[in-house]
Ligand SMILES: Nc1ncnc2c1ncn2[C@@H]1O[C@H](COP(=O)(O)OP(=O)(O)OP(=O)(O)O)[C@@H](O)[C@H]1O
Ligand SMILES: [Mg+2]
């Protein structure tokens, strides 16, 4: 996938003389605290390097004050970077003159904030169409685009309502529709869902992901909620004190935290809600319906597992034969498998583990199938537990390393 936004060695320092002593100290490796104490300048972003791919939801995550908003604001120069560069496609945003910058903001970016200010005396249609008016589009075109954007966020029918008639969640949707109406390449979303109730928030996350599937925008999404980050992000960037600690897929962040800061965050996440079946899927010992008990046992032995999956002629799972049952049958001279097959559920690769826990009750492996229902692997309940335990251990080890001072 091609790079849409390239942020290189980006620094943002707040204060009277950002590119003076404060920058020199920062580049010499002094910390945000030392710089604040000795120069009175605040480091917002410290040497950020990020490549954001076209069409991804790139999440910036970190505690309050970690520099998330500063970073995103440097992308469209609502904040002027102190050093470094921001490229969008081949445009060097840091080099645009004021007029070019205005055009860039208007044509290429859309922003959604936590508290989105709608015009109280304009109806919803006109609120959403506002950006298009600025762009010089005629009224019919504006209204049509506004209505399309409202449909995308599930607000068809509210075009003539006024902001005060809408709930907070609906107003936030209007904000999103307004940003989408101008059809920008890049959406900048700063805590856009943070003020919403958990349930509404989840719905909005789902909608954002479905809008993304349809429109393939490049989205920079800021949140301080790790669950939200891991849920919506194709990649997640973890920030602290203006610096980037780790950039990775949700799975990377969760299973391979690189610093104690990231590990600490990860500790409180319900891994089963993030990890997908794919992470614990193994090869299945598969045998055809015509196989004998001996065939099943040799398939089981070959893979060192506890059961074989029986599949039909198209490769679809029919059930499993457990090792115990097969060994017992063999001892009693039974050759035929059919009486030993036990039903097991089938699941797909992209299901989160939390959704399949209840299927593990029997202790038998669960069949993993592709979109056509063909067996592509197997999940062993005990492996899932081991994997979850392994992730838990990483955070503990990092925690331990920290208390022993082994980590800087
Ligand atoms: N306009 C400003 N003037 C001075 N310092 C600022 C300004 N904006 C941000 N900062 C400082 O820069 C640092 C990063 O702030 P920023 O707003 O980017 O954090 P954030 O991660 O978005 O936090 P939050 O989750 O609270 O929104 C903080 O130390 C903050 O005090
Ligand atoms: Mg912020």
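Please treat every number below as a calculation from the coordinates, not as lab data. Model, not experiment: these values are computed from the prediction. Methodologically, a virtual Cβ is constructed for each residue, glycine included, from the backbone with ideal geometry; neighbour enumeration extends over all protein chains shown.
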Study note, to complete from the structure: Taking Cα atoms only, helix 98-108 is inclined relative to the longest principal axis of the chain by an angle, in degrees rounded to 10, of 30
Practice item. Can you tell me which of 372-382, 343-353 comes out highest on packing, and rank the rest after it, using the mean Cβ neighbours within 10 Å? Key: 372-382, 343-353
Review point. Which of these, 226, 199, 101, has the largest mean-square fluctuation under a Gaussian network model of the chain (Cα springs below 10 Å)?
Key: 199
Exercise for review: With everything on Cα atoms, drop me the angle between helix 139-152 and the longest principal axis of the chain, reported from 0 to 90° to the nearest 10.
Suggested key: 30
Exercise for review: Treating the Cα atoms of the chain as identical point scatterers in vacuum, please give the log10 of the normalised Debye intensity I(q)/I(0) at q = 0.07, 0.09 Å⁻¹, two decimals.
Suggested key: -0.47, -0.70
Review point. Fewest to most neighbouring Cβ within 10 Å: what's the order for 30, 357?
Key: 357, 30
Check your understanding: How much mean residue ellipticity at 222 nm does the chain get from its helices, if each DSSP H run of length 4 or more adds -39500 (n - 2.57) and you divide by all residues, to the nearest 500 deg cm²/dmol?
Key -> -11500 deg cm²/dmol
Check your understanding: How many angstrom separate the Cα center of the stretch 137-173 from the Cα center of the stretch 1-52?
Key -> 39
Point to revise | Protection proxy ranking of 34-42, 269-277 - average other beta-carbon atoms within 10 Å, highest first | key: 269-277, 34-42
**Study point:** Rounded to 10°, Cα long-axis angle of helix 198-215 versus longest principal axis of the chain
**Key:** 90
Practice item. Could you rank the peptides 69-82, 329-342 by their average count of other C-beta atoms within 10 Å per residue, with the highest value first? Key: 69-82, 329-342
